[in-house]
Each structure stands twice: as structure tokens, then as C-alpha cells.
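In what follows, a single structure is set out as C-alpha cells and then discussed.
Read-outs: derived from the displayed coordinates by stated rules, not from any lab. Computed from a predicted model, the values in this text were never measured in an experiment. Don't worry about glycine lacking a Cβ; one is built from the backbone with ideal geometry, like all the others, and counts go over all protein chains shown.
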Amino acid sequence: MFTELELLVMEYAEAMTETEPTVTDELARELIARLGEEAFVELTAMVALENWRSRVNSAFGLTGQGFAEACQVPSRR
């Protein structure tokens with residue numbers, strides 16, 4: 001259900017947030033070619049910020065408060 005670009009962005013986010021980052025030059029070049037340098041820098045900053053928030057929350061022992069369960073979209077069955 002995801003576009004090729006969306007899959008690349010998710011691959012990049014995962015590679016950035018590995019405990020030992022695994023971003024390749026090829027992946028970065030591909031995203032820069034598709035997004036442009038400014039958007040690539042913004043994407044990198046946003047992924048880094050969300051990763052930082054997640055790690056800070058984990059360090060403080062903060063956990064989910066059940067909002068996801070209360071806001072789930074019902075499946076169409």
C-alpha cells in the first residue's frame with residue numbers, strides 16, 4: 001500500500017535509528033535525488049528528533065497511555 005518513495009523513507013528512518021546506524025551512501029543519494037537536499041535534511045532532522053524523543057521517554061520509563069487502543073479505526077469486515 002506504500003509508494004516506492006514512502007518505502008525508501010521508512011527504510012532510511014529504520015537505518016538511521018539502528019543502535020549502530022546503517023544508512024548507506026546509496027540510500028542517501030537516492031533520497032536526495034527524489035526529495036532534493038533541503039527536504040532530505042528536514043527528513044533527517046525529523047527522524048533524529050523522533051528517535052531522540054523515543055529514547056528519552058524510554059530512559060525516563062515513560063510508556064504508552066492507551067490512546068492508540070482507544071483511537072483505532074475499525075476494520076471493514
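At-a-glance table
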| item | result |
| --- | --- |
| Values of log10 I(q)/I(0), in the order q = 0.11, 0.21 Å⁻¹, for the chain under a Debye, Cα-only, solvent-free model | -0.42, -0.99 |
| Relative contact order, percent, the chain [alpha-carbon distance under 8 Å, six or more residues apart] | 24 |
| Of the GluC sites (Glu not before Pro) in the chain, those whose Cβ has at most 16 other Cβ within 10 Å and which sit in DSSP loop | E18 |
| Computed label-point distance, nm, for sites N51 and E6 using a 7 Å Cα→Cβ extension | 2.3 |
| Loop-located chymotrypsin sites (Phe, Trp or Tyr not before Pro) in the chain whose Cβ has at most 14 other Cβ within 10 Å (DSSP) | F2, F60 |
| Helix 25-35 axis, angle to the chain major axis (alpha carbon atoms, nearest 10°) | 80 |
| Additional length obtainable on full extension of the chain from E37 to A15, 0.36 nm per residue less Cα span | 6.1 nm |
